[in-house]
Amino acid sequence: MNIIFYDYFFIFIFLIIATVLSILIFILSFFLVPQKSDQEKVSAYECGFNPFDDARATFDIRFYLVAILFLVFDLEISFLFPWALTLNCISNFGFWSMIIFLIILTFGFIYEWYKGALEWE
């Protein structure tokens, strides 16, 4: 039983160090950086909308489309990394099931491209 706790001890130490370091950096940035806001800080940033506008205002559907495309390809990468790391240990079934998954995602990407979802007029 002590061996199990010994393995998790280093993870616990890592979490403590990460928490203390995060709090320290947050506190230091609060005291070292000037906290006055100007017109540029409260202006519209990358989203293109005023940040203090009505929340029920309509906006372009392309923002949703870009978010969905990001999630699809982000999920693809999250499945691709473990597969690539264990490629020499898996069977033919694991290899070909991932190839089929990648083919389906490629067809989805081609369909999105064909429909013009990647164009930002």
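The values are calculated or read from the model by the stated rules, or taken from the named source; none is laboratory data. Since we're looking at a predicted model, the values are computed, not measured. Methodologically, a virtual Cβ is constructed for each residue, glycine included, from the backbone with ideal geometry; neighbour enumeration extends over all protein chains shown.
The figures follow:
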read-out	value
Failed item in (1) modelled with pLDDT of 80 or more; (2) exposed (fewer than 10 other Cβ atoms within 10 Å of the Cβ), with Phe52 passing the rest	(1)
Residue in region 90-99 that is of a type in the set (A, V, I, L, M, F, W, C) and under 20 Å from Ile61 (Cα atoms) present	no
Residue within region 68-91 that is outside any loop (DSSP other than H, G, I, E, B), modelled with pLDDT of 85 or more, more than 20 Å from the chain's Cα centre (by Cα) and not acidic (Asp, Glu) present	no
In region 1-49, the residues that are at pLDDT below 80 and among the hydrophobic types (A, V, I, L, M, F, W, C)	Met1, Ile3, Ile4, Phe5, Val42, Ala44, Cys47, Phe49
Count of region 106-121 residues which are in a helix (DSSP H, G or I) and modelled with pLDDT under 85	5
